[in-house]
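K.L.:
Quick one: the structure is below, questions incoming.
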Amino acid sequence: MSVIVKRYIPLAITFVMGIIMVIATYFLASGTPEREATSLLTASVDILVATAGIIGLVVLLRHHGLNISRRGRFWKYSIITIIGVALYLTVGLYAIATHGRHLMLSQEFFSWVYSEIYVHMDMTIFSLLAFFIASAAYRAFRLRSIETSILLIVGSLMLLGRAPVGGAIWQGFPTIASWLLDVPNTAGNRAIMIGIAIGAISLAIRQLLGVERGYLGPERK
Amino acid sequence: MIPPVGQIPPELGLYATIFGVFATIFIYSFLWKENPLSRAVEHLFIGLAAVYTLAAMYEAAATVAYWGTGRIVEGNLIWVIPILISLMYFFFFSKKYFYLYRYPVSIVAGIMAGMMICGMIQSNFLAQIQDTVTLPLVGAGVWEGWPPPGLDSIIIIIGTITALTFFFFTWEHKGPLGVSAKIGRYFLMATFGAAYGGTVMARISLFLGRLTFLYQASYPSPPETPWFWAWYLVPIAVLCVIIVALWERSRPKPPPSATVTAKPAPAEAPPSRPSEEPTPAPETKPATAKPARKRKSEG
Amino acid sequence: MSLPKIARIDRRYLYILLFIFVSFPLFVPLKWPITISQHTQNAYDFTETLPAGSIVIESFDFGPSTITENRPQAKAHIYHAEKLGLKVVALAYWPGGAPIGEAILKTVYGSDFPNIPEYGTSVVYLGYVAGNEVGMQTFGDNTWNAKGTDHYGTAIGTLPLMQQCRSAANFSLWAEWTSGDPGITQVIQFVQGRHGGPSEVPIITGATAVSVPGIMPYYRAGQIFGIMNGLAGAGEYETLLVESTYGYPYMEALALLDAQSVGHLLIIAFVIVGNIGYAISKYRGGKGS
């Protein structure tokens, strides 16, 4: 009985939900009330995912809290993380308490903190990649073989063709760059796309049939 | 303390710009050498990101279930059901009733798997195969101009088929399959070259965004005449980084801890060395030193 | 044998070179001419063919990390749509895209947005719609099920534009501004594929340059009608607007393209210098890097 409740019922739920989605797509015409009813089902996923977000925050706080209590690596910086979470959460909860919603409106202080404080850090952290690309270009990209030569030549032609300087040097560079995107790149990416589709479909079928159970989490005794 | 809705003082914009400059320079200082300031800003970023993501999810879930047309606030109580089911996620923290956490997970996983089957088959599989086999090879204008569309069609057909054969790992790549896989590998290299070009473009663009902020951000914003420019603070921020880096260097190094943890900045491998490929980590702690090296010499 | 000096430059000097060289055109514009690519031209031309009153979905599926590329794309197209008299339903499937989208709409429709006369009839902003690809599918099946209110808390059923926009059958164009997942791939799979294909749900997209090679098969298969390729694509669209009768007062991308060009040249130079060092080391019989 306990195995049925703990394992087989969740697997059955997965199967039923998946079959509903497949039937709705292939056997229910667009615009029919039955198909629109399945959109209620998919809309409920938004609600489920929101609660999972709370779990994520709790796990983050637990990780950094344990790091502080055990004086782990960079434990002093975990204090900064927790202070940041506490302050921003306070701002958000205050907004909810005073008028219940609209956290994301531009007039809200919560949204202002995002637009004026968080955005700078987000943009800067991602812009570090430009420097790593430059370093990789110098240190790692070598013309060792035909394959790497093709990679570098195509990449260089793309760089010249997709910026105004390429057209200023020679009118042919933008044309070549467009052709490289449209033809050989399409061929390779199409093959990759078909392969990924086959893999994703087989994984989804395995999940529906209960062969893949990793999403259920660990077996806890 | 917390400004009410619509009453955020404009002076806060100045403080935000100041914070932005310091945060930018502190994070960029990581490129020179990892230091406490860059770590501090990164940890702050993680905290704010987590809360913002949660807030967005809460707001979205509330407007799906509670507020709006046909929702709980208008008396449609069917939306209570997913809220109750979502509460089962909290059994994640229970040892005895952990299995109840699987029920909402199963719902999401089943819906996603069903959607994936339908979406992938049509868009990534059938549509791509259909386009490949219907590429024009004969007809008016197919072999005119340069490059002729017919030639492009042949290249795409050959490239797609040979690149697919590259992924046939059931048989050894010998004979005709070997030739096909080799040609496919060349097409895949062209694909990766295009991806590399696109990656460089994108990353340079990200960097340009920050440069634009550092050089052009001002207070107050136009059309008022600004009296403060963000770049005024850049030397001060750089000075802060230098001071903190020198202070960290002057501190005595703690002894190696009993637990296996990676040291942040091993003194025996300073970044000012000539940029050879990273040598293997010291023999005493190869496993722990490697992550730190990889991070330092990343890129 | 050790590497030659040219192959042993400390990477931090490369960073400084990148910083200096890319900064230079921001102060001294080089004004290199821009070439309009066919991908961007197709996006512009398709938008031009839409009759006034058509419903356009503008989806801000990007975050602050790619704002430099995606914001000018989205802003240019929304400005174009507004000039053509198209009806815009804007939303975001990325939480970070919601405030950015609102700022873009304020730029195009005026700082009073949403307190403008045409809000609700010609333009609606739904804000962040949760659920990623599931949310996209829900929106395509029944827009009212995806979210009950707009970004400002107004019940969706009270907005006249949303009375007309009930499902993907009512969309004349889906303009996707994307930098990853969920993005253009998910719109094609879970909206266009479920509602009759490209003829029923035409899509144009502005994607980051890193995403564009991966979505080219969709473009060749006719599932996407036009692509703005990164910052260059945004600059091309801005140029098309400037040269048209509409004009364009919010130039953002064009000013950065010179710096982008210098960055590209520098990266190519790094590759060449690195390979020269590698060739020298091989010639000397030492180990290459």
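The values are calculated or read from the model by the stated rules, or taken from the named source; none is laboratory data. Note that the coordinates shown come from a computational prediction; the quantities given were computed from them, not determined experimentally. FYI the Cβ positions are ideal-geometry reconstructions off the backbone, even for glycines, and counts take in every protein chain you see.
K.L.:
Can you tell me which residue is surrounded by the fewest Cβ atoms within 10 Å (Cβ to Cβ) among those in the range A:1-43 that are in contact with a Leu (Cβ under 6 Å, 6 or more places away or on another chain) and modelled with pLDDT under 85?
P.N.:
Per the stated criteria, the residue is A:34.
K.L.:
Another question about this same structure. When the residues of the range B:1-60 are filtered to those that are touching a residue at least 40 places away in the same chain (Cβ under 8 Å) and not in a helix (DSSP H, G or I), which remaining residue is surrounded by the fewest Cβ atoms within 10 Å (Cβ to Cβ)?
P.N.:
Per the criteria, the residue is B:10.
K.L.:
Still on this model: If the Cβ limit is 6 Å and pairs must be 6+ apart or interchain, which residue in the range B:226-249 that is part of a strand (DSSP E or B) pairs with which residue that is not basic (Lys, Arg)?
P.N.:
Going by the 6 Å Cβ cut-off, the qualifying pairs are B:228/B:219; B:229/B:218.
K.L.:
Okay, moving on. Out of all the residues in the range C:141-164, is one or more among the hydrophobic types (A, V, I, L, M, F, W, C), under 20 Å from residue C:204 (Cα atoms), assigned by TED's automatic domain parsing to the domain that holds residue C:58 and surrounded by fewer than 24 Cβ atoms within 10 Å (Cβ to Cβ)?
P.N.:
The answer is no; no qualifying residue exists.
K.L.:
So, residue B:52, is that one more than 23 Å from residue A:18 (Cβ to Cβ) and within 10 Å of chain C (Cβ to nearest Cβ) or not?
P.N.:
yes
K.L.:
Read through the list (1) part of a helix (DSSP H, G or I); (2) farther than 27 Å from residue A:164 by Cβ, then give the number of the only condition that residue C:57 fails.
P.N.:
Every listed condition holds for residue C:57 apart from (1).
K.L.:
I need a count of the residues in the range C:165-184 that are in contact with a His (Cβ under 7 Å, 6 or more places away or on another chain) and buried (at least 19 other Cβ atoms within 10 Å of the Cβ).
P.N.:
Qualifying residue count, the range C:165-184: 2.
K.L.:
If you scan the range C:60-84, which residues turn out to be part of a helix (DSSP H, G or I) and within 14 Å of chain B (Cβ to nearest Cβ)?
P.N.:
C:64, C:65, C:66, C:67, C:68, C:69, C:70, C:71, C:72, C:73
K.L.:
Kindly establish whether residue A:143 is part of a loop (DSSP other than H, G, I, E, B) and farther than 22 Å from residue C:19 by Cα.
P.N.:
Judged against the criteria, residue A:143 is a match.
K.L.:
Does the range C:218-225 contain at least one residue that is without any contact (Cβ under 8 Å) to a residue 12 or more places away in the chain and at the interface with another protein chain (Cβ under 10 Å from one of its Cβ atoms)?
P.N.:
Yes, because at least one residue in the range C:218-225 is without any contact (Cβ under 8 Å) to a residue 12 or more places away in the chain and at the interface with another protein chain (Cβ under 10 Å from one of its Cβ atoms).
K.L.:
On the given criteria, is residue A:13 part of a helix (DSSP H, G or I), without any contact (Cβ under 8 Å) to a residue 12 or more places away in the chain, closer than 27 Å to residue B:60 by Cβ and facing chain B (nearest Cβ under 7 Å)?
P.N.:
Considered against the rule, which asks whether it is part of a helix (DSSP H, G or I), without any contact (Cβ under 8 Å) to a residue 12 or more places away in the chain, closer than 27 Å to residue B:60 by Cβ and facing chain B (nearest Cβ under 7 Å), residue A:13 comes out as yes.
K.L.:
Just the residues that are among the β-branched types (Val, Ile, Thr), surrounded by 14 or more Cβ atoms within 10 Å (Cβ to Cβ) and more than 8 Å from every other protein chain (Cβ to nearest Cβ), please, taken from the range C:17-37.
P.N.:
Result: C:36, single match.
K.L.:
If residue A:98 satisfies every condition in (1) of a type in the set (Val, Ile, Thr); (2) more than 30 Å from residue B:93 (Cα to Cα); (3) under 24 Å from the mean Cα position of the chain (by Cα) but one, which is the exception?
P.N.:
Exception for residue A:98: condition (3).
K.L.:
Among the residues of the range B:141-176, which ones are over 20 Å from residue B:128 (Cα atoms), under 37 Å from the mean Cα position of the chain (by Cα) and of a type in the set (A, V, I, L, M, F, W, C)?
P.N.:
B:169, B:171
Each row is one residue, and each column tells you yes or no for (1) surrounded by 21 or more Cβ atoms within 10 Å (Cβ to Cβ); (2) aliphatic (A, V, I, L, M); (3) touching a residue at least 40 places away in the same chain (Cβ under 8 Å).
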site	(1), (2), (3)
B:156	yes, yes, no
B:162	yes, no, no
B:177	no, yes, no
B:189	yes, yes, no
B:197	yes, no, no
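K.L.:
Tell me, please, whether a residue that is β-branched (Val, Ile, Thr), within 8 Å of chain A (Cβ to nearest Cβ), within 30 Å of residue B:83 (Cβ to Cβ) and surrounded by 15 or more Cβ atoms within 10 Å (Cβ to Cβ) can be found in the range B:114-132.
P.N.:
Checked against the condition, which is being β-branched (Val, Ile, Thr), within 8 Å of chain A (Cβ to nearest Cβ), within 30 Å of residue B:83 (Cβ to Cβ) and surrounded by 15 or more Cβ atoms within 10 Å (Cβ to Cβ), the range B:114-132 yields at least one hit.
K.L.:
OK, next. If you check every pair at least six apart or on different chains, which have Cβ atoms under 9 Å apart with a residue in the range B:143-154 that is among the charged types (D, E, K, R) first and a residue that is not in a helix (DSSP H, G or I) second?
P.N.:
B:152/A:183; B:152/B:135
K.L.:
Among the residues of the range A:167-219, what is the count of those that are among the polar types (S, T, N, Q), surrounded by fewer than 22 Cβ atoms within 10 Å (Cβ to Cβ) and not in a loop (DSSP other than H, G, I, E, B)?
P.N.:
Result for the range A:167-219: 3.
K.L.:
Let me ask another. Identify the residue in the range C:143-165 that is free of Cβ contacts under 8 Å to residues at least 40 places away in the same chain and over 15 Å from residue B:65 (Cα atoms) and, among all such residues, is nearest to the chain's Cα centre (by Cα).
P.N.:
C:152
K.L.:
State which residue is farthest from the other protein chains (Cβ to nearest Cβ) when the search covers only the range B:63-82 and only residues that are assigned to a helix (DSSP H, G or I) and surrounded by 19 or more Cβ atoms within 10 Å (Cβ to Cβ).
P.N.:
Per the criteria, the residue is B:79.
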